[in-house]
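Trainee: The structure under discussion is supplied below as structure tokens; questions concerning it will follow.
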Amino acid sequence: MQQQSLFERQQESPLASRLRPETLDDFVGQRHLLGEGKILRQLIDRDQISSMVFWGPPGVGKTTLARIIAGRTRADFINFSAVTSGIKEIKEVMGKAEQRRVMGDKTIVFVDEIHRFNKAQQDAFLPFVEKGSIILIGATTENPSFEINAALLSRCKVFVLQALSTADLTALLRHALEDPRGFGGQQIDIGEDMLEAVAGFANGDARVALGTLEMVVLNGELNGETVRVTTETLEQCISRKSLLYDKNGEEHYNLISALHKSMRNSDPDAAVYWLARMLEAGEDPLYVARRLVRFASEDIGMADSRALELAVSAYQACHFIGMPECDVTLTHAVVYLSLAPKSNALYTAYGRAKRDAAEMLAEPVPLHIRNAPTKLMKELHYGEGYQYAHDAADKLTDMQCLPDTLLTRRYYRPGTQGSEAKVRQRLTQIEDWRSNHGAPPKETEL
């Protein structure tokens, strides 16, 4: 009965809806757009909104921001759903907006999930955006370059909204415990570390964070007028035991370091263990996948070039299917990378070239390998003496491609593991050919 009374004290709408910000001062996150002096903040404050697209992951405030604009603007504000609206509805609304424009009034049309509109539906907006009948505000979780018609997109300013940080979400949860619209009228006993755990579990999504907090509180232990949230309750609600994992803290970097170094040491069992530790703690699988792509070139490179292909494929698969389905895909990639032959030759090659590039920025490009698109450039001997390798019998020439001061530098030094042994053999053949045709020897041996 006590638990029921707690539920009875809750309002019917979800916590996230009850706490939806109504002003920019209450809005959490996106300081790069809404901080003092930032362009979007100024446009809203001055009521000078133009057509725009909000692009960002779920739960970061795209719709809320549009609602705040609706409350601040002197324009008529129309909320469109890309799921339920067809071309007929669009044209009806556009016709009314055109009438208001003639009378000197503005109309803002907000389209949530604009990427769900097909080409014909998007085209229906275009003429009205072009002549200023409406100001279009679209919200999307997908890359607008791929999902919105180029003609429509070119008339919109794209604002990228970022996933909320753990600190942002923790502050939001703290506010939910204090605000009368949330749990401000109750005594809630929940530790700061638990709030941080909920924030970490939400993975940048405010709706998930507030929904999880609501579930945790409603399932807490009622002791008189106080609701106590236990570790056991929190574990059950977020299905995670690694409650202290901080995606931006030391443990985050410790675990990714352990994964990287286990793969480098060709230890698949350790690598899979550290992978599981990260994923089960709620780590973003795309973050892990990006690190695997880097590893494939940094620690394997030319020793097995298929490693990079596999790592990129793993990233794409994680993007397509997400967690938990992509856990086995990441395991596939981690085991392959662990067992692949290792070489850091590409990593060290770039490091050596980077040092020279930083210290010798003014080295001129040899004239014969410069592009000569104009008559003046040709008169200045750009491209003169260029040798086209495909015209040579051996597909090799004695043409110099480095500046004179770097002529004998060796940046790439292939190893002897896996396929790189063949690369090393091929490079030796090329250098022998060039040596026989008068090229100076490199400063270091292979």
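The values are calculated or read from the model by the stated rules, or taken from the named source; none is laboratory data. As the structure is a computational prediction, the values presented were derived from the model and not from experiment. Note that we place each Cβ from the backbone using ideal geometry, even for glycine, and neighbour counts take in every protein chain shown. Only protein heavy atoms, including side chains, enter the accessible area calculation; ligands, DNA and RNA are left aside. Shrake-Rupley method; radii C 1.70, N 1.55, O 1.52, S 1.80 Å.
Trainee: Of the residues Arg409, Arg413, Arg424, only one is of a type in the set (D, E, K, R), within 23 Å of Ala340 (Cβ to Cβ) and in a loop (DSSP other than H, G, I, E, B); which? Steps first, answer last, please.
Mentor: Values: Arg409 fails: within 23 Å of Ala340 (Cβ to Cβ); Arg424 fails: in a loop (DSSP other than H, G, I, E, B).
That would be Arg413, the only listed residue that is of a type in the set (D, E, K, R), within 23 Å of Ala340 (Cβ to Cβ) and in a loop (DSSP other than H, G, I, E, B).
Trainee: On to the next question. Among the residues of the stretch 391-446, write down those that are small (Gly, Ala, Ser) and under 44 Å from the mean Cα position of the chain (by Cα). Lay out the reasoning, then the answer.
Mentor: Going residue by residue through the stretch 391-446, those that are small (Gly, Ala, Ser) are 392-393, 415, 418-419, 421, 435, 438-439.
Gly415, Gly418, Ser419, Ala421, listed by residue number.
Trainee: From the list Ala209, Ala151, Ala176, Ala199, which residue is surrounded by fewer than 21 Cβ atoms within 10 Å (Cβ to Cβ) and assigned to a helix (DSSP H, G or I)?
Mentor: Going through Ala209, Ala151, Ala176, Ala199 in turn, the sole match is Ala151.
Trainee: Also: Read through the list (1) free of Cβ contacts under 8 Å to residues at least 12 places away in the same chain; (2) touching a Leu at 6+ places or on another chain (Cβ under 7 Å), then give the number of the only condition that Leu361 fails.
Mentor: Unmet for Leu361, out of (1) free of Cβ contacts under 8 Å to residues at least 12 places away in the same chain; (2) touching a Leu at 6+ places or on another chain (Cβ under 7 Å): (2).
Trainee: Taking the stretch 320-334, which residues are under 20 Å from Asp269 (Cβ atoms) and open to solvent by less than 30 Å² (accessible area, probe 1.4 Å)? Write out each step before concluding.
Mentor: Within the stretch 320-334, the subset under 20 Å from Asp269 (Cβ atoms) is 327-334.
Leu330, Ala333, Val334, listed by residue number.
Trainee: Test of understanding: among Thr64, Thr107, which residue is modelled with pLDDT of 80 or more, in contact with a helix residue (DSSP H, G or I) (Cβ under 7 Å, 6 or more places away or on another chain) and of a type outside the set (Gly, Ala, Ser)?
Mentor: Checking each option against the conditions leaves just Thr107.
Trainee: Within the stretch 399-440, can you find the residues that are in contact (Cβ under 8 Å) with a residue 24 or more places away in the chain, more than 26 Å from Lys354 (Cβ to Cβ) and open to solvent by 90 Å² or more (accessible area, probe 1.4 Å)?
Mentor: Answer for the stretch 399-440, where residues must be in contact (Cβ under 8 Å) with a residue 24 or more places away in the chain, more than 26 Å from Lys354 (Cβ to Cβ) and open to solvent by 90 Å² or more (accessible area, probe 1.4 Å): just His437.
Trainee: Have a look at Glu147, Glu178, Glu130 and point out the one that is touching a helix residue (DSSP H, G or I) at 6+ places or on another chain (Cβ under 9 Å), free of Cβ contacts under 8 Å to residues at least 40 places away in the same chain and within 30 Å of Pro14 (Cβ to Cβ). Walk me through how you get there before you give the answer.
Mentor: On the way: Glu178 fails: touching a helix residue (DSSP H, G or I) at 6+ places or on another chain (Cβ under 9 Å); Glu130 fails: within 30 Å of Pro14 (Cβ to Cβ).
Exactly one of Glu147, Glu178, Glu130 is touching a helix residue (DSSP H, G or I) at 6+ places or on another chain (Cβ under 9 Å), free of Cβ contacts under 8 Å to residues at least 40 places away in the same chain and within 30 Å of Pro14 (Cβ to Cβ), namely Glu147.
Trainee: I would also like to ask the following. In the stretch 112-148, which residue that is part of a helix (DSSP H, G or I) and open to solvent by less than 20 Å² (accessible area, probe 1.4 Å) is farthest from Gly56 (Cα to Cα)? Don't jump to the end; show me each part of the working.
Mentor: Of all residues in the stretch 112-148, those part of a helix (DSSP H, G or I) come to 114-116, 119-130, 144-147.
Retained after the next criterion (residues that are open to solvent by less than 20 Å² (accessible area, probe 1.4 Å)): 114, 122, 124-125, 129, 144.
On the way: Ile114: 12, Gln122: 20, Ala124: 24, Phe125: 22, Val129: 22, Pro144: 10 Å.
The qualifying residue farthest from Gly56 (Cα to Cα) is Ala124.
Trainee: Further, regarding this structure: Enumerate the pairs (first residue in the stretch 196-222 and of a type in the set (Lys, Arg); second residue anywhere and outside any helix (DSSP H, G or I) and open to solvent by less than 40 Å² (accessible area, probe 1.4 Å)) with beta-carbon separation below 9 Å, excluding pairs fewer than 6 apart on the same chain, so at least 6 apart or on different chains.
Mentor: Pairs that qualify, where the first residue is of a type in the set (Lys, Arg) and the partner is outside any helix (DSSP H, G or I) and open to solvent by less than 40 Å² (accessible area, probe 1.4 Å), are Arg207/Gly59.
Trainee: Quick one: how many residues across the stretch 97-111 are polar (S, T, N, Q) and buried (at least 20 other Cβ atoms within 10 Å of the Cβ)?
Mentor: Step one: filter the stretch 97-111 for residues polar (S, T, N, Q), giving 99, 107.
With the extra rule that they be buried (at least 20 other Cβ atoms within 10 Å of the Cβ), the set shrinks to 107.
Going through the stretch 97-111 one residue at a time, the tally reaches 1.
Trainee: When you check Gly71 against the structure, is it surrounded by 20 or more Cβ atoms within 10 Å (Cβ to Cβ) and under 24 Å from Arg181 (Cβ atoms), yes or no? Steps first, please.
Mentor: On the way: surrounded by 20 or more Cβ atoms within 10 Å (Cβ to Cβ): no; under 24 Å from Arg181 (Cβ atoms): yes.
No: the conditions fail for Gly71.
Trainee: On the basis of being within 30 Å of Ile108 (Cβ to Cβ), surrounded by 15 or more Cβ atoms within 10 Å (Cβ to Cβ) and not small (Gly, Ala, Ser), does Val158 make the cut? Walk me through it before giving the result.
Mentor: Values: within 30 Å of Ile108 (Cβ to Cβ): yes; surrounded by 15 or more Cβ atoms within 10 Å (Cβ to Cβ): yes; not small (Gly, Ala, Ser): yes.
Yes; evaluated as a whole, the condition is true for this residue.
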